[in-house]
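Participant: One structure is given below, represented as structure tokens, and several questions about it will come after.
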Amino acid sequence: MIKKKILILGSTGKLGTSLINFCSKKNISILGLTCYSNKKKLSRLQKKVNSHNNYALSNSDEKQNFIKFLKSYTFDIIYFLDYGSYSLKYLDIILINNTNSILAIANKEMLIAGGSILRKRISSTNNTLIPLDSEHFSLFRLFPNNNEIKKIYITASGGPFYFKKNINLDKVSFKSVLKHPKWKMGINNSIDSSNFINKILEIFELSAIYDIDIRKIDFLISKEAFIHSCVIFKDNTISINCFSNNMLIPLLKPMSILFNLGNLNLNIKDNFNVNNFKLQNFNDSRFKIPLKLNKIKKFNHSEQINFMIFNNLAHISYIKGDISYNKIPDFIFNKMKSCQIKVNLKSFHDILKYIKLLEKKYA
């Protein structure tokens, strides 16, 4: 196998572990790995892919060494499988030093914080962005043009509560919030999936990644999570974009550009099971956030960042028991009302400075 320079940020999470296990089987070496603090797992993973540049970014010295590493190499693929908008700092360094690289990004906070600035920076430096969230990845091959589109829908599985209409959201337990019917996720993603805030964040992402008018974007319910997006064009043709819900499919797309991976044998489910293709309009007044979607679509870039940060703070308050589950939307919008900071965001530096100000002021 030809050696390529591949970097994985967030290697000890579920996505990073899956990718590294695949690379190990295919004898693909990885130049560099990062984790936040799980050095024990990082040590195990680095041996699988012969990585000699490994950094735990919770350690300030290792973070500085990682920055030096970024400045010393050019990369073929950089995976952002980590969490948090701070990674914009690393992306900034990468874009200064790299052209014709593939930037494979699953970091939701980074994409929302970066917004259209991120998309334009990547394009202007002749690098390629491949979004890894299933909804956005499902549109990558199509790469929709705003001028040709009437409507774009992403899909939601419904989470733990949508198909259980008798449940009172004022009385749900923390355990039930985290109990997604289809897959296991971290606490924050599970909360966002349960109340559809994840769809709001994904709408922000989609608009920025593909430069699509946000007013054209909405979401539908797809219980089987097989359909990930649907595009209605102005000529009245429709593209339904679907694949088995296996995250190795988007994760391996960058690899497939560089390597001949052959038959992936990912144990794909029955592609033509009729239940996979059932869609329905969202219709449930128990959930507060989707009812405010038209208002949310009017948010500018800084207000989208506010929404994301205040949602993170709402998670903290909910987990601590300071607010109830169904008060998370109220918490966010009360913070939005109180935030009167005016800002002009023109660079990653501006964005990170603004986020730091928000977190300091409202934490």
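Participant: Relative to the present Cα-Cα distance, how much length would full extension add between residue 72 and residue 291 at 0.36 nm per residue of separation?
Facilitator: On the way: separation 219, 0.36 × 219 = 78.84 nm, distance 4.87 nm.
Difference between extended and current length: 74.0 nm.
Participant: Using a 7 Å offset from Cα along Cα-Cβ at residue 171, what residues in segment 304-335 end up with backbone N under 18 Å from the label point?
Facilitator: Label zone hits: 324-327.
Participant: Go through 71-77, 307-313 and give me the packing order, highest mean Cβ count within 10 Å leading.
Facilitator: On the way: 71-77: 15.0, 307-313: 20.6.
Averaged packing, sorted descending, gives the order 307-313, 71-77.
Participant: Now for a different question. Taking the Cα centre of the chain as the origin, how large is its charge dipole in debye, to the nearest 20, when only Lys and Arg (+1) and Asp and Glu (-1) carry charge on their Cβ atoms? Present the calculation step by step, with values, prior to reporting the outcome.
Facilitator: Numbers: 54 positive and 25 negative charges, 128 e Å.
Dipole about the Cα centre, nearest 20: 620 debye.
Participant: Oh, and also: From the helices alone, meaning DSSP H stretches of at least four residues, give me the mean residue ellipticity at 222 nm for the chain, per-run term -39500 (n - 2.57), in deg cm²/dmol to the nearest 500. If you can, show how the numbers build up before the last one.
Facilitator: Details: 15 runs with 159 residues, N = 363.
Only helices count here, giving -13000 deg cm²/dmol.
Participant: Tell me the label-point distance for the pair residue 298, residue 21, using the 7 Å Cα-to-Cβ offset, in nm and rounded to one decimal.
Facilitator: Roughly 4.7 nm, to one decimal.
Participant: Here's something else I'd like to know. Per-residue counts of other Cβ atoms within 10 Å, averaged by peptide: what ranking do you get for 46-58, 176-188, highest first?
Facilitator: Working: 46-58: 17.2, 176-188: 14.8.
Ranking the peptides 46-58, 176-188 by packing returns 46-58, 176-188.
Participant: How would the chain be classified by its alpha-carbon gyration tensor: rounded, prolate or oblate, with rounded meaning a/c under 1.5 and the a/b versus b/c comparison settling the rest?
Facilitator: On the way: a/c = 1.43, a/b = 1.22, b/c = 1.17.
In terms of gyration-tensor shape, rounded.
Participant: To the nearest 20 debye, what is the magnitude of the charge dipole of segment 148-193 about its Cα centre, counting +1 on the Cβ of each Lys and Arg and -1 on the Cβ of each Asp and Glu?
Facilitator: Here the size comes out at about 200 debye.
Participant: Projected onto the charge dipole of the chain (+1 at Lys/Arg Cβ, -1 at Asp/Glu Cβ, origin at the Cα centre), which of 128, 291, 169 gives the Cα projection farthest towards the positive end?
Facilitator: With unit charges placed on the Cβ atoms, the residue in question is 169.
Participant: Let me ask something else. State to the nearest 20 debye the size of the charge dipole of segment 235-322 about its Cα centre, where the only charges are +1 on K and R beta carbons and -1 on D and E beta carbons. Walk me through the numbers before you get to the answer.
Facilitator: Values: 10 positive and 5 negative charges, 59 e Å.
With Lys and Arg at +1 and Asp and Glu at -1, about 280 debye.
Participant: Give me a comma-separated list of calculated 3J(HN,Hα) values for segment 36-50, in order, Karplus coefficients 6.51, -1.76, 1.60 applied at θ = phi - 60°, integers in Hz, x for any Gly or Pro.
Facilitator: Values, residue by residue: 8, 9, 7, 5, 5, 5, 4, 4, 5, 5, 4, 5, 5, 10, 6 Hz.
Participant: Okay, next question. Once you have a ≥ b ≥ c as the square roots of the Cα gyration tensor eigenvalues for segment 158-255, tell me rounded if a/c is under 1.5, and otherwise prolate or oblate according to whether a/b is larger than b/c.
Facilitator: On the way: a/c = 1.93, a/b = 1.54, b/c = 1.25.
Prolate shape, in that a/c is at least 1.5 and a/b is the bigger ratio.
Participant: Here's another thing I want to ask about it. With a 10 Å radius around each residue's Cβ, average the other Cβ atoms per peptide and rank 125-132, 109-116, 94-101, highest first.
Facilitator: Values: 125-132: 18.4, 109-116: 23.2, 94-101: 16.2.
Going by the mean number of other Cβ atoms within 10 Å, highest first, we get 109-116, 125-132, 94-101.
Participant: What is the distance in Å between the Cα centroid of segment 216-276 and that of segment 290-363?
Facilitator: Measuring centre to centre over Cα atoms gives 31 Å.
Participant: Across segment 1-101, how large is the tail of the calculated P(r) beyond 21 Å, expressed as a percent of all Cα pairs?
Facilitator: 26
Participant: Determine the gain in length on full extension of the stretch residue 337-residue 147; use 0.36 nm per residue of separation and subtract their C-alpha separation, reporting nm with one decimal. Spell out each step's value before the answer.
Facilitator: Numbers: separation 190, 0.36 × 190 = 68.40 nm, distance 3.36 nm.
Gain in length upon complete extension: 65.0 nm.
Rule-based calculations on the coordinates, nothing more; no lab input. Model, not experiment: these values are computed from the prediction. Glycine also receives a Cβ, built like all others from the backbone with ideal geometry; neighbour counts cover every protein chain displayed.
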